[in-house]
Amino acid sequence: MQEIISSLINTPTALYFVVGVFSLCIGSFLNVVIYRTPKMMEQEWRTDCQLLLHPEQPIIDETKLTLSKPASTCPKCNSVIHWYQNIPVVSWLVLRGKCGTCHNPISIRYPAIELLTAMCALIVVAVFGPTIQMLFGLVLTYILIALTFIDFDTQLLPDRYTLTLAALGLAINSYAIYTSPTAAIWGYIIGFLCLWVVYYLFKLITGKEGMGYGDFKLLAALGAWMGPLLLPLIVLLSSFVGAIIGIILLKIRKENQPFAFGPYIAIAGWIAFLWGEQIMKIYLGN
């Protein structure tokens, strides 16, 4: 094992290959996370509501959905997807983007997320090289991709992932991996409060809720990873991109509809994580 690790450290091509293939597999798993997590939450909410409203009635026997069970099936014909039909990208190409049983189309989003995960992972390797920062950077990248698509689909940012991300950031930086322990704590606090203040003022002025608490928790988690100094950059980038997308959607839909802000926070946070210090230096003219 030590020889393998040493070989990866000393051979960049091997490192890129291993991380790329591994991240394709992680991307395949993220597709499951993105699809199942909201359904798992709905199932939990139904159970909680039944216990609260009708505690005397037996709980409806419903197969518990997890990330590993039951086996993945085609959404059209419910046939089980075998392992050889689930090889990242390759299976989709071999099957020509169709179910192997009913031949209905399989969304191109599945291989796209797998490729996106691998591409982002390789960028992390290029920025950090074979370091501990790279390893934890991959974890951050994987979680942000999952949160981005979950929020895009459902306008939900599950606590199980945002709070886990925050806890990881605080734990990692207790060893000053990316920033000092004190900066990580302040980053978490300020990250939460700055969006909460915006939310509160917007609600005070308009009487409407401009964003959800998941957005506060996500920015707080990013603050725990990077400290407070990069938070203005994250807020600025996410607001700029979100405003542009919001204007485009308003023109297309011809009506004012809510849209997820979490993806823009996640994208801006990932950019700041990799190049935030360089961007700030350019902006400040140093």
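The values are calculated or read from the model by the stated rules, or taken from the named source; none is laboratory data. Note that the coordinates shown come from a computational prediction; the quantities given were computed from them, not determined experimentally. Positions of Cβ are backbone-derived with ideal geometry, glycine not excepted, and every protein chain shown enters the neighbour counts.
Listing for the model above:
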| quantity | calculated |
| --- | --- |
| Of all residues making up the range 179-207, the number that are outside any helix (DSSP H, G or I) and closer than 11 Å to GLY223 by Cα | 1 |
| Test: residue in the range 148-161 that is modelled with pLDDT of 95 or more and among the aliphatic types (A, V, I, L, M) | yes |
| Test: ILE248 is in a helix (DSSP H, G or I) and either touching a Leu at 6+ places or on another chain (Cβ under 8 Å) or small (Gly, Ala, Ser) (or both) | no |
| Count of the range 108-154 residues which are surrounded by fewer than 19 Cβ atoms within 10 Å (Cβ to Cβ) and more than 23 Å from VAL90 (Cα to Cα) | 14 |
| Residue pairs meeting the criteria (Cβ under 9 Å; at least 6 apart or on separate chains; first touching a residue at least 24 places away in the same chain (Cβ under 8 Å), in the range 88-102; second surrounded by fewer than 15 Cβ atoms within 10 Å (Cβ to Cβ) and among the hydroxyl-bearing types (Ser, Thr, Tyr)) | CYS99/SER79; THR101/SER79; CYS102/SER79 |
| One residue from ILE271, ILE265 being in contact (Cβ under 8 Å) with a residue 24 or more places away in the chain, surrounded by 23 or more Cβ atoms within 10 Å (Cβ to Cβ) and assigned to a helix (DSSP H, G or I) | ILE265 |
| Some residue of the range 163-180 being in contact with a Gly (Cβ under 6 Å, 6 or more places away or on another chain) and buried (at least 19 other Cβ atoms within 10 Å of the Cβ) | yes |
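Conditions tested, residue by residue: (1) surrounded by fewer than 17 Cβ atoms within 10 Å (Cβ to Cβ); (2) of a type outside the set (Ser, Thr, Tyr); (3) closer than 14 Å to ILE145 by Cα.
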position	(1), (2), (3)
SER23	no, no, yes
SER28	no, no, yes
THR66	yes, no, no
PRO75	yes, yes, no
GLN85	no, yes, no
